[in-house]
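Asker: This structure is in structure tokens; I'll ask about it shortly.
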Amino acid sequence: MSAVGGPLVAVFTKNLTNPAYDGARAGADRVAARFGGRARHFVPTIPDDVDQQIALVDTALAERPDAVVMIPAHPTALLPALAKVHAAGIPVVTAVSRAEDPQVLCHVGADDEAVAFGIAIYLFDHLGGRGDVLLVGGHPNSSTTHDRERGFRASVAQHPGIRIAGVVRGDYQREPGRAAMERVLAEGARFDAVFAANDQSALGVIDALKAAGRRAPVVGVNAIPAAVTAIRAGDLLATAAYDAMSIASIAAEAVLRHLRGERLQREIMLPVAIVDAANCAAWDVPYEARRTPPWETAVPH
């Protein structure tokens with residue numbers, strides 16, 4: 001129990017470099033405070049580092065949290081560490097990425113395959129249903145990476161005029177996304193547009209294109225503030241609002257409601273909208289000013 005008397009929630013995110021996780025931490029903080037408690041954040045200093053996240057579980061357990069919200073860096077490698085959390089009688093809710101752990105009370109996220117399918121269709125429609133599209137994928141350890149690639153490929157399968165120009169890793173980070181795009185440009189690969197698995201890698205792609213004096217339609221996922229700025233500037237075509245802030249806020253509320261004795265659904269999936277030049281004004285605010293969905297809206301009864 002927190003020293004101030006309210007519940008202490010240990011929140012595990014994957015890195016300090018993806019602004020989507022800034023939003024996740026802000027969302028968890030907001031909800032924990034509303035419940036009279038606080039969130040304590042545990043983040044690897046090396047982005048997405050599994051070993052560091054495992055070690056941070058031991059650090060968190062020493063602080064005796066009342067609950068855990070976990071965005072796992074790997075779907076299975078964290079299982080022994082999570083077993084320690086379960087053995088301590090601490091409830092766990094996962095968010096964004098899944099852990100293959102049946103003892104997790106609830107998972108909060110969005111349908112990554114459907115998200116990718118939808119933003120891909122938006123891109124293909126923009127291309128008039130014809131063209132070569134480069135896929136800049138996510139981090140191989142993340143469950144969301146594989147789901148988003150499946151969604152992208154399913155959309156390609158429905159568009160005979162669309163061809164996959166290539167597949168490269170962006171690791172959900174801006175610098176790897178830029179480096180991957182630089183290699184593609186250096187190799188002289190032909191492409192008409194870019195599907196990036198998240199906004200950070202999409203922004204890295206745009207950095208490389210600008211440096212090379214090139215332009216191409218680029219889409220991403222997350223609707224981070226910098227991506228909205230890029231849409232307004234005409235650099236990013238669109239993004240899918242897979243909002244980590246809303247997901248983490250609902251995950252935190254779920255585990256706090258469990259502490260109050262409420263029963264949880266095994267899965268809470270939030271809807272995702274496409275954000276483009278027509279509607280981006282509503283998203284053009286910092287995380288501190290963004291609204292998160294009420295529990296009653298996210299979890300209809």
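Asker: So, in the stretch 10-42, how many residues would count as being open to solvent by less than 50 Å² (accessible area, probe 1.4 Å), aliphatic (A, V, I, L, M) and out of contact with any Lys or Arg (no Cβ under 7 Å at 6 or more places or on another chain)?
Answerer: Residues flagged as open to solvent by less than 50 Å² (accessible area, probe 1.4 Å), aliphatic (A, V, I, L, M) and out of contact with any Lys or Arg (no Cβ under 7 Å at 6 or more places or on another chain) within the stretch 10-42 amount to 6.
Asker: Filter the stretch 148-198 down to the residues that are touching a residue at least 40 places away in the same chain (Cβ under 8 Å), open to solvent by less than 60 Å² (accessible area, probe 1.4 Å) and within 19 Å of the chain's Cα centre (by Cα) and list them by number. Step through it out loud before you land on a result.
Answerer: Here is the first cut: in the stretch 148-198, the ones touching a residue at least 40 places away in the same chain (Cβ under 8 Å) are 148-149, 152, 154, 171-174, 177, 180-181, 184, 189-198.
With open to solvent by less than 60 Å² (accessible area, probe 1.4 Å) added as a condition, the list becomes 148-149, 152, 154, 171-173, 177, 180-181, 184, 189, 191-198.
The answer is R148, E149, F152, D171, Y172, Q173, G177, V194, F195, A196, A197, N198.
Asker: Of everything in the stretch 284-301, what is crowded, with 20+ Cβ neighbours inside 10 Å and either at pLDDT 95 or above or in a helix (DSSP H, G or I) (or both)? Give them in sequence order.
Answerer: Answer for the stretch 284-301, where residues must be crowded, with 20+ Cβ neighbours inside 10 Å and either at pLDDT 95 or above or in a helix (DSSP H, G or I) (or both): just Y287.
Asker: Another question about this same structure. Give me the pairs, please: first residue somewhere in the stretch 110-132 and farther than 16 Å from A238 by Cα, second residue anywhere and in a helix (DSSP H, G or I), beta-carbon distance under 6 Å, and either six or more positions apart or on two chains.
Answerer: Close Cβ pairs (under 6 Å, with a partner that is in a helix (DSSP H, G or I)) amount to D112/T144; D112/D147; D112/R148; E113/D147; E113/R150; E113/G151.
Asker: Looking at the structure I just gave you, is F124 among the aromatic types (F, W, Y), assigned to a helix (DSSP H, G or I) and more than 21 Å from P271 (Cβ to Cβ)?
Answerer: Details: among the aromatic types (F, W, Y): yes; assigned to a helix (DSSP H, G or I): yes; more than 21 Å from P271 (Cβ to Cβ): yes.
When the stated conditions are applied, F124 passes them.
Asker: Taking the conditions exactly as written (in contact (Cβ under 8 Å) with a residue 40 or more places away in the chain and either surrounded by fewer than 22 Cβ atoms within 10 Å (Cβ to Cβ) or in contact with a Pro (Cβ under 8 Å, 6 or more places away or on another chain) (or both)), does L135 satisfy them or not?
Answerer: No, not satisfied.
Asker: How many of the residues in the stretch 57-76 are in contact (Cβ under 8 Å) with a residue 60 or more places away in the chain and either in a strand (DSSP E or B) or open to solvent by 40 Å² or more (accessible area, probe 1.4 Å) (or both)?
Answerer: Adding up the residues that qualify gives 5.
Asker: To continue, here is another question. Here is a list of conditions, (1) surrounded by fewer than 17 Cβ atoms within 10 Å (Cβ to Cβ); (2) outside any strand (DSSP E or B), and T145 meets all of them except one; can you say which number that is?
Answerer: Condition not satisfied by T145: (1).
Asker: Could you figure out which of (1) under 23 Å from V156 (Cβ atoms); (2) in contact with a strand residue (DSSP E or B) (Cβ under 8 Å, 6 or more places away or on another chain); (3) modelled with pLDDT of 95 or more isn't true of L185?
Answerer: Among (1) under 23 Å from V156 (Cβ atoms); (2) in contact with a strand residue (DSSP E or B) (Cβ under 8 Å, 6 or more places away or on another chain); (3) modelled with pLDDT of 95 or more, L185 violates only (2).
Asker: Which ones in the stretch 43-56 are surrounded by fewer than 21 Cβ atoms within 10 Å (Cβ to Cβ) and either outside any loop (DSSP other than H, G, I, E, B) or among the β-branched types (V, I, T) (or both)?
Answerer: Hits for the stretch 43-56 are V43, T45, I46, V50, D51, Q52, I54, A55, L56.
Asker: Next question, about the same structure. Out of everything in the stretch 93-106 that is touching a residue at least 40 places away in the same chain (Cβ under 8 Å) and either part of a loop (DSSP other than H, G, I, E, B) or surrounded by fewer than 23 Cβ atoms within 10 Å (Cβ to Cβ) (or both), what residue ends up being nearest to the chain's Cα centre (by Cα)?
Answerer: V96
Asker: Just checking, how many residues over the stretch 253-271 are open to solvent by 40 Å² or more (accessible area, probe 1.4 Å) and either more than 17 Å from the chain's Cα centre (by Cα) or at pLDDT below 95 (or both)?
Answerer: Selection size over the stretch 253-271: 10.
Asker: Restricting attention to the stretch 251-280, report how many residues are in a helix (DSSP H, G or I) and either more than 19 Å from P19 (Cβ to Cβ) or in contact with a Lys or Arg (Cβ under 8 Å, 6 or more places away or on another chain) (or both).
Answerer: Number satisfying all stated conditions: 8.
Asker: While we're on this one: Just the residues that are open to solvent by less than 10 Å² (accessible area, probe 1.4 Å) and farther than 15 Å from N198 by Cβ, please, taken from the stretch 231-252.
Answerer: Matches in the stretch 231-252: A248, S249, I250, A251, A252.
Asker: In this structure, does T229 turn out to be in contact with an Asp or Glu (Cβ under 6 Å, 6 or more places away or on another chain) and either free of Cβ contacts under 8 Å to residues at least 40 places away in the same chain or of a type outside the set (A, V, I, L, M, F, W, C) (or both)?
Answerer: On the way: in contact with an Asp or Glu (Cβ under 6 Å, 6 or more places away or on another chain): no; either free of Cβ contacts under 8 Å to residues at least 40 places away in the same chain or of a type outside the set (A, V, I, L, M, F, W, C) (or both): yes.
Against the criterion (in contact with an Asp or Glu (Cβ under 6 Å, 6 or more places away or on another chain) and either free of Cβ contacts under 8 Å to residues at least 40 places away in the same chain or of a type outside the set (A, V, I, L, M, F, W, C) (or both)), T229 does not qualify.
Asker: Turning to a different aspect of this structure: Give the residue, chosen from A252, A282, A240, A248, that is aliphatic (A, V, I, L, M) and without any contact (Cβ under 8 Å) to a residue 60 or more places away in the chain.
Answerer: Details: A252 fails: without any contact (Cβ under 8 Å) to a residue 60 or more places away in the chain; A240 fails: without any contact (Cβ under 8 Å) to a residue 60 or more places away in the chain; A248 fails: without any contact (Cβ under 8 Å) to a residue 60 or more places away in the chain.
The unique qualifying residue is A282.
The values are calculated or read from the model by the stated rules, or taken from the named source; none is laboratory data. Remember, predicted model here, so these are calculated numbers, not experimental data. When we count neighbours, we look across all protein chains shown, and the Cβ atoms used for this are built from the backbone with ideal geometry, even at glycine. Remember, those area values only see protein heavy atoms, side chains included, never the ligands or the DNA or RNA. Shrake-Rupley method; radii C 1.70, N 1.55, O 1.52, S 1.80 Å.
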